[in-house]
Amino acid sequence: MLNEPSGNDLSVLPAYLAYELRFMELAEVDDYKLCILNLAGGTPGNVDNWKTHYVPHIKRAFDGGHIYGRHAYGGGLLATPDGNSSRPFIEAEHLRSLGLTGGIVITEAGQNGGYGFIGTEAFNADVQAYNALMMQHSNIIGACLWTLGDWGQPNANWQDSLPSLTNWIANNPTPKWEPTE
């Protein structure tokens with residue numbers, strides 16, 4: 001699937017949704033599951049556009065056993081709510097209010113808009129705080145942290161946090177996410 005498609009451009013949205021729908025249909029023939037949309041953090045900027053244009057597509061995805069991907073980037077910290085880092089929680093709550101309990105994965109999450117590693121101690125504390133926020137939503141599966149690897153400036157490589165964060169994850173297991181009926 002594409003990464004950060006259309007977003008706020010409603011003129012291309014119908015073609016993109018048709019493209020994704022066809023991929024879902026093809027995947028379902030062989031019982032494959034997809035992660036759809038993977039919208040950029042905070043897009044579309046108008047939440048009502050998300051509700052009107054994206055929610056029906058997300059419902060269709062959930063009906064086929066697929067999951068919804070969404071990005072979230074914070075200012076200095078993920079766990080400090082802003083229009084971007086808190087957007088998955090707003091959407092998760094709205095989907096549950098409609099009885100849509102399929103899974104959401106935050107497919108990209110990072111501090112400083114994804115630019116600049118904040119240091120091991122601060123990074124780990126923020127990840128743990130963001131995890132606590134995610135755990136408040138039964139339909140959020142988890143988050144993929146951005147970015148691992150030294151790809152130059154600005155450096156968002158959180159590799160130095162791996163040993164301590166891995167230890168924390170091992171000592172704080174979460175139950176396997178299962179879709180609810």
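Of the accessible area of the range 45-181, with the probe set at 1.4 angstrom, what percent is carbon plus sulfur?
Values: 3730 of 6730 Å².
Result for the range 45-181: 55 percent of the exposed heavy-atom area is carbon or sulfur.
Where does the charge balance sit around T147 when Lys and Arg score +1, Asp and Glu -1, over other residues with C-beta under 14 Å from its C-beta?
Working: positive: none; negative: E108, D150, D160.
Here the charged neighbours net out to -3.
Quick one: if the Förster radius is 35 Å, what FRET efficiency do D150 and S97 give, using the C-beta to C-beta distance and rounding to 0.05? Write out the running numbers ahead of the final one.
Working: r = 42 Å, r/R0 = 1.21.
For D150 and S97, the calculated efficiency is 0.25.
Ordering E121, E28, E4, E108 by how much accessible area each has at a 1.4 Å probe, largest first, what is the list?
E121, E4, E28, E108
When the chain is fully extended, how far beyond the present Cα-Cα distance does D30 get from L2, taking 0.36 nm per residue of separation?
8.0 nm
Around S6, what is the net charge, scoring Lys/Arg as +1 and Asp/Glu as -1 over all other residues with Cβ under 15 Å from its Cβ?
Charge balance near S6 sits at -2.
For a paramagnetic label modelled at 7 Å from the Cα of N46 toward its Cβ, which residues of the range 1-33 fall within the zone defined by backbone nitrogen distances under 12 Å?
8-11
Give the shape of the range 1-41 as rounded, prolate or oblate, defined through the alpha-carbon gyration tensor: a ≥ b ≥ c are the square roots of its eigenvalues, a/c under 1.5 means rounded, and otherwise the shape is prolate if a/b is larger than b/c and oblate if not.
oblate
Using helices alone, what [θ] at 222 nm do you get for the chain, with -39,500 (n - 2.57) per DSSP H run of 4 or more residues, divided over all residues and rounded to the nearest 500?
-10500 deg cm²/dmol
Quick check: pseudo-label points 7 Å beyond the Cα along Cα→Cβ at Y115 and D9, how many nm apart are they?
It is 2.2 nm.
Rounded, prolate or oblate: which fits the range 1-86, taking a ≥ b ≥ c as square roots of the Cα gyration tensor eigenvalues, rounded meaning a/c under 1.5, else prolate when a/b beats b/c?
Working: a/c = 2.37, a/b = 1.62, b/c = 1.46.
Here the range 1-86 falls in the prolate category.
For H53, H94, H137, what's the largest-to-smallest order of accessible area, 1.4 Å probe?
Numbers: H53 70, H94 40, H137 20 Å².
The ordering from most to least exposed comes out as H53, H94, H137.
Solvent-accessible area of I141, probe 1.4 Å, all protein chains present, reported in Å² to the nearest ten, please.
Approximately 70 Å² for this residue.
Which of N38, N155, N139 moves the most in a Gaussian network model of the chain with Cα springs under 10 Å?
Taking springs between Cα atoms under 10 Å, the residue moving most is N155.
So what does the Cα-only Debye profile of the chain read at q = 0.10, 0.13, 0.14, 0.18 Å⁻¹, as log10 I(q)/I(0), no solvent term?
Each listed q maps to, in turn, -0.40, -0.68, -0.78, -1.21.
In what sequence, largest accessible area first, do Y54, Y19 appear using a 1.4 Å probe?
Y19, Y54
The values are calculated or read from the model by the stated rules, or taken from the named source; none is laboratory data. Because the structure is a prediction, the values reported are computed rather than measured. Note that each Cβ is placed from the backbone with ideal geometry, even for glycine, and that neighbours are counted across all protein chains shown. What goes into the accessible areas is simple: the full protein's heavy atoms, side chains included, and nothing from ligands, DNA or RNA. Shrake-Rupley method; radii C 1.70, N 1.55, O 1.52, S 1.80 Å.
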